[in-house]
Amino acid sequence: DGHDKGALVVSRSLRDSGFEVIYLGLYGKIEQIVEVAIQEDVDIIGLSILSGTHLKAANRLIHEIKKRKNRKVRTAIGGIIPEQDVSRLKKIGIDVVVPTGTPLSKVADLLRASLVAKKMTRMNMK
Amino acid sequence: MGSSKNNGKDNDFKTDSGIPLKPVYSEKDIDDQNLGLPGKPPFTRGPYESMYRGRLWTMRQYSGMGDAAESNRRYKYLLAQGQTGLSVAFDLPTQLGYDSDEVDAQDDVGVVGVAISSLEDMERLFEGIPIGQVSTHLNINATAPIIFAMYLAMAENRGLNFSQLRGTLQNDVLKEFLARKAFIFPPGPSVRLSCDIVQYAIDKVPEFNPISITGFHVKEMGASSIQEVAFCLSDAIAYCDELIARGLEFDRFAPNLSFHFACGRDFFEEIAKFRAARRVWAELAFDRYHAKKDESARLRFFSGGSGAVLPAQEPLNNIVRSSLQCLAAVLGGAQSIHVMAYDEAHSIPTEDSVRICLRTQQIIALESGVTKTVDPIGGSYYVEALTDELQVLIQEKMDQIERDWGGMIPAVVNGFPQREVIHRAYQQEKDIESGKRVVVGLNKYTTDSKSSIRIQRTNEKAALLQKRRVKQLKKRRNAAKAKQALEKVRLAALDAHQNMIPVLIEAVKSYATVGEITTALKDVFGTYKDPGLIL
């Protein structure tokens with residue numbers, strides 16, 4: 001939706017703490033976001049959703065990533081996410097869920113942790 | 001003077017917007033001359049002489065969900081609970097010009113507001129509600145011309161005279177580019193459409209406020225109260241200049257302009273903000289626009305409680321926060337108030353949570369006694385000093401926009417206000433993180449227990465029904481008539497001097513939909529892409 005304060009503030013914060021951020025802007029279509037993300041070879045795709053459509057968006061996101069047979073990229077969703085939906089999102093396959101109120105430093109920590117987990121999974125698979 | 005024992009701690013006492021505060025204020029801090037009386041310029045003490053003694057503010061909770069029938073039920077509930085004016089929340093597809101049955105809209109139908117794709121939907125929305133008697137606020141911007149046309153067509157179908165219709169259209173596209181971001185077309189055509197509505201309405205729908213020039217979303221985005229009012233009134237200047245360029249006299253349209261501000265958490269600063277805003281506008285009206293009528297200089301506003309300061313954690317605390325906001329709006333002289341529900345950070349309100357919002361307004365109105373005299377806060381040393389200070393700072397910011405950018409439209413196109421606001425938003429988040437900015441229950445006095453509140457869930461069934469309904473309408477209607485009407489819309493759009501409202505009324509009557517009309521307009525006007533600044 002059009003409320004991008006969260007997305008902008010988190011993007012800025014991540015950039016300041018050493019992440020390279022590619023900000024794709026408002027009203028993105030999930031298919032296009034995933035396409036660009038894979039082209040840019042990102043580590044994490046993050047969505048900011050305040051409108052209550054996070055479960056549907058999560059399903060689409062995971063579907064699009066699987067469709068492209070990408071095992072590398074991690075996913076994160078932040079915004080207005082009711083308590084009950086946090087575990088639902090994880091079940092759908094979202095790696096990091098950051099509902100409103102999550103401190104900025106914790107967002108960065110959780111994202112970094114998801115990358116380490118990925119590395120470890122890769123190592124375990126060798 | 002501060003005591004030296006404070007060791008510079010006096011610097012910590014600032015308003016939310018950063019104005020340094022003295023330990024105590026006294027009669028030396030008031031400039032009596034600016035005070036005046038309520039109902040008289042510069043309206044510091046209120047836009048009307050009798051204010052709430054004569055008539056209470058309108059209790060107007062923003063509301064909308066699912067399909068028209070579901071929202072209709074909620075509106076009837078609210079009216080029965082004492083709501084005195086309706087305020088329609090539209091879903092994102094409707095706001096962004098998509099029909100409920102379009103693929104692009106599929107996940108968002110009826111989620112954050114009501115889905116309205118056609119005149120039939122509009123009529124269903126107001127089924128059994130006497131629109132000739134109830135005042136309605138339509139919170140719609142980029143597609144305001146279409147929605148307004150539907151509202152008028154509905155009135156015609158009911159045999160009502162347009163002069164009987166009371167209400168407001170938000171219709172403020174400039175703030176969309178700046179903060180709210182539900183824009184469609186580029187700035188030029190957007191302002192044209194906005195002004196087409198104003199021009200049409202002051203002639204044909206005189207009891208309607210055809211625009212509600214809005215600072216609310218700017219404040220919610222992270223702006224200070226100074227920036228909020230400065231950017232809002234600078235937007236107002238842009239609209240006024242456009243209307244005057246069309247040949248309208250300021251006194252002809254100014255009395256019908258209305259404004260919309262947020263009410264944040266700094267209690268006295270918000271009260272002073274509203275008073276300062278009235279003063280700045282009055283000076284603007286008389287000095288810049290040479291207003292000949294007091295009504296042209298009288299700023300009337302709707303106060304929306306700030307949702308940005310209502311955390312998800314310990315949600316019931318938000319009832320307290322919202323009550324303070326409501327009281328500040330009342331002491332600040334609002335004409336219309338929306339109170340944020342305690343579950344704002346979780347979902348759109350339930351019946352229970354929105355009822356508490358109404359009760360908050362009713363308790364303040366009928367039990368607290370603050371409405372028994374006009375402007376009870378007037379003459380407070382602190383509030384008057386703060387009002388004076390805010391007026392100066394707001395004016396300075398407005399002058400900066402004029403001087404450095406040549407007005408609000410160039411400033412917004414170049415991202416100046418957006419950068420200022422997001423910079424402040426980021427700083428505020430860091431202050432919450434460090435604990436410098438206290439949010440009780442979030443970063444101070446926290447519990448581990450999770451909130452177990454019931455939240456409003458999207459009505460998936462209603463969304464599905466709505467999608468089917470729109471599909472069926474497109475099959476049922478006279479396709480040739482709709483097509484013809486859409487062609488007229490396209491031609492009218494091409495003519496910059498033609499007011500689009502009559503042609504839109506015709507189009508909605510032929511059951512051309514929100515999506516189809518928007519597509520026709522996009523073909524002519526193009527679309528706007530947000531530059532996506534991070535700083």
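The values are calculated or read from the model by the stated rules, or taken from the named source; none is laboratory data. Keep in mind that this is a model prediction, so the values were computed, not measured. Glycine gets a Cβ as well: all are built from the backbone with ideal geometry, and neighbour counts include every protein chain shown.
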For the range B:408-445, which residues satisfy the criterion of being aliphatic (A, V, I, L, M), surrounded by fewer than 18 Cβ atoms within 10 Å (Cβ to Cβ) and within 23 Å of B:CYS232 (Cα to Cα)?
-> B:VAL413
Only residues that are farther than 15 Å from B:HIS346 by Cβ, surrounded by 15 or more Cβ atoms within 10 Å (Cβ to Cβ) and without any contact (Cβ under 8 Å) to a residue 40 or more places away in the chain: list them for the range A:64-88, please.
-> A:GLU64, A:ILE65, A:VAL73, A:THR75, A:ALA76, A:ILE77
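Just need a number here: residues in the range A:11-29 that are among the β-branched types (Val, Ile, Thr) and more than 9 Å from every other protein chain (Cβ to nearest Cβ).
Of all residues in the range A:11-29, those among the β-branched types (Val, Ile, Thr) come to A:21-22.
Checking which are more than 9 Å from every other protein chain (Cβ to nearest Cβ) leaves us with A:22.
Going through the range A:11-29 one residue at a time, the tally reaches 1.
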How many residues, within the range B:453-477, are within 31 Å of the chain's Cα centre (by Cα) and assigned to a loop (DSSP other than H, G, I, E, B)?
-> 7
Taking into account only those residues within the range B:226-264 that are in contact with a strand residue (DSSP E or B) (Cβ under 8 Å, 6 or more places away or on another chain) and among the acidic types (Asp, Glu), which is farthest from B:ALA201 (Cα to Cα)?
-> B:GLU228
All but one of (1) in contact (Cβ under 8 Å) with a residue 40 or more places away in the chain; (2) under 24 Å from B:LEU233 (Cβ atoms); (3) away from chain A (no Cβ under 14 Å) hold for B:PHE416, so report the exception by its number.
-> (1)
Kindly indicate the residue of the range B:499-535 that is modelled with pLDDT of 95 or more and small (Gly, Ala, Ser) and also nearest to B:GLN472 (Cα to Cα) among those meeting that condition.
-> B:ALA512
Yes/no for A:LEU111 being surrounded by 19 or more Cβ atoms within 10 Å (Cβ to Cβ), over 28 Å from B:PHE177 (Cα atoms), touching a His at 6+ places or on another chain (Cβ under 9 Å) and more than 14 Å from chain B (Cβ to nearest Cβ) | no
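Results for (1) of a type in the set (Gly, Ala, Ser); (2) within 14 Å of chain A (Cβ to nearest Cβ); (3) under 30 Å from B:SER26 (Cα atoms); (4) assigned to a helix (DSSP H, G or I), shown as yes or no for each residue.
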{"residue": "B:MET340", "(1), (2), (3), (4)": "no, yes, no, no"}
{"residue": "B:ARG359", "(1), (2), (3), (4)": "no, no, no, yes"}
{"residue": "B:ILE364", "(1), (2), (3), (4)": "no, no, yes, yes"}
{"residue": "B:VAL374", "(1), (2), (3), (4)": "no, no, yes, no"}
{"residue": "B:GLY378", "(1), (2), (3), (4)": "yes, no, yes, no"}
{"residue": "B:TYR382", "(1), (2), (3), (4)": "no, no, yes, yes"}
{"residue": "B:ALA385", "(1), (2), (3), (4)": "yes, no, yes, yes"}
Residue check: is B:ARG252 within 21 Å of the chain's Cα centre (by Cα), away from chain A (no Cβ under 14 Å), assigned to a helix (DSSP H, G or I) and not polar (S, T, N, Q)?
-> no
Within the range A:16-25, the count of residues that are under 22 Å from A:GLU35 (Cα atoms), at pLDDT 95 or above and not hydrophobic (A, V, I, L, M, F, W, C) comes to 1
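So which of B:PHE286, B:PHE302, B:PHE274, B:PHE267 is buried (at least 24 other Cβ atoms within 10 Å of the Cβ) and out of contact with any Ser or Thr (no Cβ under 6 Å at 6 or more places or on another chain)? It would help to see each step written out before you state the result.
On the way: B:PHE286 fails: buried (at least 24 other Cβ atoms within 10 Å of the Cβ); B:PHE302 fails: out of contact with any Ser or Thr (no Cβ under 6 Å at 6 or more places or on another chain); B:PHE267 fails: buried (at least 24 other Cβ atoms within 10 Å of the Cβ).
Exactly one residue qualifies, and that residue is B:PHE274.
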Check the range B:215-227 and report whether any residue there is within 14 Å of chain A (Cβ to nearest Cβ) and part of a loop (DSSP other than H, G, I, E, B).
-> yes
Only one residue in A:GLN39, A:GLN32 is without any contact (Cβ under 8 Å) to a residue 12 or more places away in the chain, away from chain B (no Cβ under 13 Å) and either crowded, with 20+ Cβ neighbours inside 10 Å or under 29 Å from B:PRO531 (Cβ atoms) (or both), so which one is that?
-> A:GLN39
Taking the range B:432-452 on its own, how many of its residues are within 12 Å of chain A (Cβ to nearest Cβ), out of contact with any helix residue (DSSP H, G or I) (no Cβ under 6 Å at 6 or more places or on another chain) and not in a loop (DSSP other than H, G, I, E, B)?
-> 2
